[in-house]
Each structure stands twice: as C-alpha cells, then as structure tokens.
Amino acid sequence: MNRLPACCAPLQPHWPLPRPVPGAVLVSCAFDPANLAPDDFQRAGIVPSASLQRSVAKRQAEYLAGRMCAREALRLLDGRDYIPATHEDRSPIWPSGIHGSITHGQGWAAAVVASVGSGLGLDQESLLSEERAERLAGEILTPAELERLDRSQQALAVTLTFSLKESLFKALYPITGQRFYFEHAELLHWSADGHARLRLLTDLSAQWHHGVELDGQFCLQGGHLLSLVSV
C-alpha cells in the first residue's frame, strides 16, 4: 500500500546539519509507539521479520519509521522504490552503488543516502544528564579526551563524543568489515558551529589505519543531538 503508518508523523526531507554533503539526501520523521496500529506494516508495504513481529511496540515503531525515511530518501535520490532489508548484524542492506545510514531514538528517526563518496554514518542521541555524563565519561572517552574535557560542558561533550563515534562506526564498518569500539577513536576537537574532527586509534584496513583523521558535523535539536560522518 505504501501509506504512512499510524505511528509515524509525515516524512520531512531537510538538511539540519551545518555543512551539506554533495549528493546526499536526508529524511526524518517523528514517531510514537503508542500509536502503532496492527496493520501498520501492511499499510507501509513492509514485511516484518519473525523476530520483529515478536518484538515490543517501541522496536516495531522505530523500525517502521527508519525504513519509511530510508525509502523516501532513496525515492528523492534517484526515484527508486526500495526498503533496505537487514543483514544478520542488523545493519541495513542498501542497493548496489548506494550507501546510507539510519538512526532512531526517542520518538524521532532519520535516514541519509547518497550515490557518491564511500560511506555515511548518521546517529542521534538524547542529551545526557550531567549525572549520567559523569558516570559514562570513563567508558566513552579516551584518557586524552578526558584530559581535554571541559567540565562546564560535560553533558554535551560526552553525548557528542558518543554520537560522533557511533557515526564514525556506521560510516567505516560497511567499508572495512571491521568492528571497533569507543577506545579505538578519539574526538580531537569540536566547535559550537557544529564542526568536529576525529582520529582513528586502530588499524581497520590498509586505508583506514591508526592516525587517519576525518571530519564530522553535528547539530542540536531541542534535547537531541544529530551527528554525521561522511567519507
């Protein structure tokens, strides 16, 4: 049917981040698991897996919202009607020649796609409280990042570091096939205008090795942070 599920608000094509990525399309939407209807998958023309059918309403709604955004982004990119299936590692399966990323969190989902470049990583997070940021800083930040941490902006800095490292993973994992974790990258610096710089601290491939630096970007939307790493 390809209609909007009851749990999803209208899809919004836009670019909220500070720096455009040539050839990339981003679509987002709000969603509410409380509004998930029994026929939402049928309404959207999406066939859920057996495990998804058994999952809670939150998981079903965020999957629907993310896939609806991805399908609309691909339609706007090149006119195709395609819903990314899922690899065993739960990463999206994009069409040949396309790379993209899907993110979802507290009532909001987005997808970004492009046919140029080689990787995209998109992540959104709710801003951590000061107390939670204090608890998690040692798990997310490297010793060097902890030394540079501005305690007056601790909640934002820890949330941003978490999100950018997630975006970095999403951008590089499809390229290298190698998993890596928070301690394997560092946020070198970031600025209030939404620009950031990251460095790999591990060897993933001949091209993506220890010391390679990449740009990232981010924006704040209410209590949410959206970050992107494009390769």
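The values are calculated or read from the model by the stated rules, or taken from the named source; none is laboratory data. None of the values given here were measured: they were computed from a predicted structure. Virtual Cβ from ideal backbone geometry, glycine too; neighbours counted across all protein chains shown.
Among the listed residues P95, P48, which satisfies the condition of being closer than 26 Å to P20 by Cα and surrounded by 14 or more Cβ atoms within 10 Å (Cβ to Cβ)? Give the steps one after another, and end with the answer.
Details: P48 fails: closer than 26 Å to P20 by Cα.
Testing whether each residue is closer than 26 Å to P20 by Cα and surrounded by 14 or more Cβ atoms within 10 Å (Cβ to Cβ) leaves just P95.
Confirm whether T142 is outside the structural domain of D89 (by TED's automatic domain parsing), in contact with an Asp or Glu (Cβ under 9 Å, 6 or more places away or on another chain), closer than 30 Å to A73 by Cβ and of a type in the set (S, T, N, Q).
Working: outside the structural domain of D89 (by TED's automatic domain parsing): yes; in contact with an Asp or Glu (Cβ under 9 Å, 6 or more places away or on another chain): yes; closer than 30 Å to A73 by Cβ: no; of a type in the set (S, T, N, Q): yes.
The answer is no for T142.
Any chance segment 205-213 includes a residue that's surrounded by 14 or more Cβ atoms within 10 Å (Cβ to Cβ) and over 16 Å from the mean Cα position of the chain (by Cα)?
Here is the first cut: in segment 205-213, the residues surrounded by 14 or more Cβ atoms within 10 Å (Cβ to Cβ) are 208, 212.
If we keep only those that are over 16 Å from the mean Cα position of the chain (by Cα) as well, we get 208, 212.
Yes, the conditions are met somewhere in segment 205-213.
List every residue pair whose Cβ atoms lie under 7 Å apart, where the two residues are 6 or more positions apart in sequence or sit on different chains, the first residue falls within segment 85-112 and is farther than 22 Å from F162 by Cα, and the second residue, located anywhere, is in a strand (DSSP E or B) and at pLDDT below 90.
Here the result reads I93/A85; I93/T86, each pair linking segment 85-112 to a residue that is in a strand (DSSP E or B) and at pLDDT below 90.
Can you pull out every residue in segment 185-212 that is touching a residue at least 60 places away in the same chain (Cβ under 8 Å) and closer than 15 Å to T161 by Cβ? So that I can check it myself, show each step before the final result.
We begin by selecting, within segment 185-212, every residue touching a residue at least 60 places away in the same chain (Cβ under 8 Å); these are 193-195.
Result: G194, H195.
Does segment 44-51 include one or more residues that are farther than 13 Å from L4 by Cα, part of a strand (DSSP E or B), assigned by TED's automatic domain parsing to the domain that holds P20 and modelled with pLDDT under 95?
The first filter runs over segment 44-51 and keeps only residues farther than 13 Å from L4 by Cα, leaving 47-51.
Narrowing the set further to residues that are part of a strand (DSSP E or B) leaves none.
There is no residue in segment 44-51 that is farther than 13 Å from L4 by Cα, part of a strand (DSSP E or B), assigned by TED's automatic domain parsing to the domain that holds P20 and modelled with pLDDT under 95.
Since R75 meets every condition but one in (1) modelled with pLDDT of 95 or more; (2) surrounded by fewer than 14 Cβ atoms within 10 Å (Cβ to Cβ); (3) of a type in the set (K, R), which condition does it not meet?
(2)
Return the only residue of P38, P5, P22 being touching a Leu at 6+ places or on another chain (Cβ under 9 Å) and assigned to a loop (DSSP other than H, G, I, E, B). I'd like the intermediate steps shown before the answer.
Details: P38 fails: touching a Leu at 6+ places or on another chain (Cβ under 9 Å); P22 fails: touching a Leu at 6+ places or on another chain (Cβ under 9 Å).
Testing whether each residue is touching a Leu at 6+ places or on another chain (Cβ under 9 Å) and assigned to a loop (DSSP other than H, G, I, E, B) leaves just P5.
If a residue must be exposed (fewer than 14 other Cβ atoms within 10 Å of the Cβ) and in contact (Cβ under 8 Å) with a residue 60 or more places away in the chain, how many such residues does segment 113-135 contain?
Residues flagged as exposed (fewer than 14 other Cβ atoms within 10 Å of the Cβ) and in contact (Cβ under 8 Å) with a residue 60 or more places away in the chain within segment 113-135 amount to 2.
Any residue that is surrounded by fewer than 16 Cβ atoms within 10 Å (Cβ to Cβ) and under 22 Å from P22 (Cα atoms) - is there at least one of those in segment 174-186?
Taking every residue of segment 174-186 in turn, at least one turns out to be surrounded by fewer than 16 Cβ atoms within 10 Å (Cβ to Cβ) and under 22 Å from P22 (Cα atoms).
Let me spell it out: the conditions are (1) within 23 Å of S91 (Cα to Cα); (2) surrounded by fewer than 16 Cβ atoms within 10 Å (Cβ to Cβ), and E166 meets all of them except one. Which number is the exception?
For E166, the exception is condition (2).
Can you name the residue in segment 78-92 that is over 16 Å from the mean Cα position of the chain (by Cα) and assigned to a loop (DSSP other than H, G, I, E, B) and, of all such residues, is surrounded by the fewest Cβ atoms within 10 Å (Cβ to Cβ)?
Let us first name the residues in segment 78-92 that are over 16 Å from the mean Cα position of the chain (by Cα), namely 78-83, 85, 87-88.
Then keep just the ones that are assigned to a loop (DSSP other than H, G, I, E, B); that gives 79-83, 87-88.
On the way: G79: 7, R80: 10, D81: 10, Y82: 16, I83: 16, H87: 10, E88: 5.
Only one residue fits best here, namely E88.
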